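Step one of this worksheet: look at the structure below.
The values are calculated or read from the model by the stated rules, or taken from the named source; none is laboratory data. Just so it is clear, the model here is predicted, and its values are computed rather than measured. Here the Cβ is made from the backbone with ideal geometry for all residues, glycine too, and neighbour counts use every protein chain on show. Ligands, DNA and RNA are excluded from the accessible area calculation, which covers all protein heavy atoms including side chains. Shrake-Rupley method; radii C 1.70, N 1.55, O 1.52, S 1.80 Å.
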Amino acid sequence: MTRVVAQGTFDLIHPGHVHYLEDAAAMGDELHVILARRENVTHKDPPVLPNRQRRDVVAALDPVDHARIGHPEDIFAPIEAIDPDVIALGFDQHHDAAAIEAELADRGLDCAVERASPREARYDDEVLSSGDIADRVLAQRGDSDA
């Protein structure tokens, strides 16, 4: 059994997320998804949706076998618990694959780190980013803070 881990915030699920998870699932037999805790997201705006809601939505997707919320302090703790064979990074995720491989080695985990392929838009107005979805909602419905 080849276990694969995918991870991310998965706020406002869109076709790019589905493609990433399908690509990750194809790398093995069992896909585990770790959702970043809202309070730990520092590289971009935090997710709009609560942690458990995002986990439940991701868990409902066909490619996903198991979904869990990440550890409050140690992002590698769930990876140690899962003991995957592959970590699948999204094609545009900010993670440094070499740094992840080094940390896995330091923790005694024998695990490959792979990048998922990109998902190209299939039609002109397709939106493949949670941020772009939020921007479009605000533009079309008006900023509620105004």
*[x] 52, 33, 28; [y] 60, 31, 28; [z] 58, 44, 25, with the label sought being that of the calculated Cα extents along the principal axes in Å*: [x]
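With the Cα gyration tensor of the range 80-120 giving a ≥ b ≥ c as the square roots of its eigenvalues, does the rule (a/c under 1.5 for rounded; else a/b larger than b/c for prolate; else oblate) give rounded, prolate or oblate?
Here the range 80-120 falls in the prolate category.
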_In whole percent, and with a 1.4 Å probe on the protein chains, what portion of the accessible area of the range 64-146 is carbon and sulfur?_
45 percent
*Working out 0.36 nm times the residue gap between residue 29 and residue 99, then minus their Cα-Cα distance, what length gain in nm do you get to one decimal?*
22.7 nm
*In terms of the Cα gyration tensor, with a ≥ b ≥ c the square roots of its eigenvalues, is the range 68-146 rounded because a/c is under 1.5, prolate because a/b exceeds b/c, or oblate?*
prolate
*Please work out the C-alpha center-to-center distance from the range 82-136 to the range 1-79 and express it in whole Å.*
10 Å
_So, for the chain, what is the accessible surface per residue at a probe of 1.4 Å, expressed in square angstrom?_
58 Å²
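Go ahead and estimate [θ] at 222 nm for the chain from helices alone: -39,500 (n - 2.57) per DSSP H run with n ≥ 4, summed, over the residue count, rounded to 500.
-9500 deg cm²/dmol
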*At most 14 other Cβ atoms within 10 Å and a DSSP loop assignment: could you name the GluC sites (Glu not before Pro) in the range 13-114 that fit?*
73
*What's the angle, to the nearest 10 degrees (0 to 90), between helix 130-141's Cα axis and the longest principal axis of the chain?*
10 degrees
*Filter the trypsin sites (Lys or Arg not before Pro) in the range 47-146 to those in DSSP coil with at most 10 other Cβ atoms within 10 Å of their Cβ, and list the result.*
122
_Nitroxide proxy distance, nm - points 7 Å out along Cα→Cβ at residue 137 and residue 45_ = 1.0 nm
